[in-house]
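Here the structure is laid out as structure tokens; the discussion comes afterwards.
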Amino acid sequence: MVDFRPVDWTVLITAARDAREHAYAPYSHFRVGAAALMEDGSISTGANVENRTYGLTLCAERVALATAVARGAGRARAIAVMTDTSPPATPCGLCLQTMAEFAGQDLPVLLVNLEGEQIEHKLSELLPHPFELPKP
Ligand code: THU
């Protein structure tokens, strides 16, 4: 079912910017914030949470999506990702595959930075061929 409700990007951008403040990034010093608008109308935020093992690091986008799914918020309708690079950073492959799990390929992904630069993609442009399990 197509959802025609408009996305309030201003709210999502502010939420992603605020979430980024809580990034735990003592190793990379690269802070990321994400805000996902969910099917139930709620906004779920996340920040990257690093670990001294490096490999256990959680990306901001996956924190935002997992938090939403774990409280039953449904699928994602839009996501904004805040960094302070120019151009704004593109989500990693793990995060794109996670988006594919919880949203359609037409998910709008807005990449933003603190300066206000914005680049909007559909998930299908960033991850044209997500992994799919073979049909049983
Ligand atoms: N990071 C994210 O939060 N999202 C991404 O899509 C890519 C990378 C984080 C992980 C790590 O804490 C830091 O950025 C540098 O890789």
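Select from the range 48-98 the residues that are more than 10 Å from the ligand (Cβ to nearest atom), aliphatic (A, V, I, L, M) and more than 17 Å from ARG31 (Cα to Cα) and list them in ascending order. Matches in the range 48-98: LEU65, ALA66, ALA68, VAL69, ALA70, ALA73, ALA76, ALA78. Only a single item in (1) over 13 Å from the mean Cα position of the chain (by Cα); (2) surrounded by 14 or more Cβ atoms within 10 Å (Cβ to Cβ); (3) assigned to a loop (DSSP other than H, G, I, E, B) is not met by SER124, and it is number (3).
Pairs are defined by a Cβ separation below 8 Å, a sequence spacing of at least 6 or placement on different chains, a first member in the range 53-82 that is farther than 18 Å from ALA23 by Cα, and a second member that is of a type in the set (Lys, Arg); the pairs so defined are ARG77/ARG5. Residue-level check: of (1) more than 13 Å from the ligand (Cβ to nearest atom); (2) surrounded by 13 or more Cβ atoms within 10 Å (Cβ to Cβ); (3) assigned to a loop (DSSP other than H, G, I, E, B); (4) not aliphatic (A, V, I, L, M), SER44 misses just (3).
Residues that are among the acidic types (Asp, Glu), within 22 Å of GLU115 (Cβ to Cβ) and surrounded by 13 or more Cβ atoms within 10 Å (Cβ to Cβ) within the range 14-41 comprise just one, ASP18.
Among the criteria (1) within 12 Å of the chain's Cα centre (by Cα); (2) closer than 29 Å to PHE4 by Cβ; (3) surrounded by fewer than 21 Cβ atoms within 10 Å (Cβ to Cβ), the one ALA64 does not fulfil is (3). Being in contact (Cβ under 8 Å) with a residue 60 or more places away in the chain, more than 13 Å from the ligand (Cβ to nearest atom), under 15 Å from the mean Cα position of the chain (by Cα) and closer than 18 Å to MET99 by Cα is a description that applies to ILE13.
Coordinate-derived values only; no laboratory data. Keep in mind that this is a model prediction, so the values were computed, not measured. Don't worry about glycine lacking a Cβ; one is built from the backbone with ideal geometry, like all the others, and counts go over all protein chains shown.
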